[in-house]
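Trainee: First the structure, then my questions, so here it is.
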Amino acid sequence: MTWSEMQPLLEQACWDTLYMVGWSTLIAVVGGLPLGVLLVLTDRGGLLQNTVLNKVIGQVVNIARSMPFIILMVALMGFTRSITGTTIGREAAIVPLAIGAIPFFARLVETAVREVDGGLVEAVQSMGGNTWTVVRKVLVPESLPSLISSTTTTIVALIGYSAMAGTVGAGGLGDIAIRYGYQRFETELMWITVGILAVVISLIQFAGDFAARGLHRRGGQSGAAPRLRLLKAATATSKTV
């Protein structure tokens, strides 16, 4: 196969992959962020402590995360058809990709939010802040660098999932690698596909790390945390006087 024949295939496959991963990431963030925060809030000692609800949500997340993506994709075919009208193509692939990514991202969010200093939460509460204020002013802003890193990890995982989705006709780079590289023995095209995936993942990881470091530096210098720490110190001093 010549380059003139490969080029249109690779261009379309790249756009299909970016389309699937982009929409899946957006849905995963929208669904996984509140779910991860809720896991923290409803945990023992949380602001909305509810052990039963926490365990139920945790078990659902664990079950969804433990299921291999290829099996999840097949299991959701009926649900996918009811939403998109088909089980093949990039639109159909977004459904299992997003559903598989939501619990994955939720656990990463939970880990990131748990790292926030509890003293900052107490400072906001001492000023009369409610749960929503704590989430909006402390938990999310303070964990934002970690959340960016979590989003980067999720995008990289989704690129791998999208390649697997190509095995059942979802399109994208995975479909090219299977149909041409494996079934038609076009080894050169397969390795070009592998190279493209490696470059894309490296660029995404670099951009995510750069953004996370930038937010961490900016947050440490001028974010809400320094002001809250000063308030916390002032409050402690006034109590001791």
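Trainee: Taking the Cα of R218, stepping 7 Å toward and past its beta carbon, and measuring to each backbone N in region 107-145: which are under 15 Å?
Mentor: In region 107-145, the label zone of R218 (backbone N under 15 Å from the point 7 Å along Cα→Cβ) covers 141-145.
Trainee: Still on this structure, please answer the following. Would you mind putting 5-13, 84-92 in packing order, based on average other-beta-carbon counts within 10 Å, highest first?
Mentor: Going by the mean number of other Cβ atoms within 10 Å, highest first, we get 84-92, 5-13.
Trainee: Between Q49 and Q183, with labels modelled 7 Å along Cα→Cβ, what's the label distance in nm to one decimal, could you check?
Mentor: 5.7
Trainee: Hey, can you find the accessible area per residue of region 42-195 for me, probe 1.4 Å, expressed in square angstrom?
Mentor: That works out to 50 Å² for each residue.
Trainee: Please work out how much length the chain gains when fully extended from D209 to I83, using 0.36 nm per residue of separation minus the C-alpha to C-alpha distance, in nm with one decimal.
Mentor: Roughly 41.8 nm would be gained on extension.
Trainee: I want to check the label-to-label distance for I71 and T167. Put each point 7 Å from Cα in the C-beta direction and report it in nm to one decimal.
Mentor: Those two pseudo-labels are separated by 1.3 nm.
Trainee: Now for a separate question. In µm²/s, what is D for region 13-219 at 4 °C and 1.567 mPa s, where D = kT/(6 pi eta Rh) by Stokes-Einstein and Rh is the Kirkwood radius from Cα pairs?
Mentor: The calculation lands on 70 µm²/s.
The values are calculated or read from the model by the stated rules, or taken from the named source; none is laboratory data. In this text the structure is predicted, and so the values were computed from the model without any measurement. Note: ideal-geometry Cβ built from the backbone for every residue, glycine included; neighbour counts use all protein chains shown. Remember, those area values only see protein heavy atoms, side chains included, never the ligands or the DNA or RNA. Shrake-Rupley method; radii C 1.70, N 1.55, O 1.52, S 1.80 Å.
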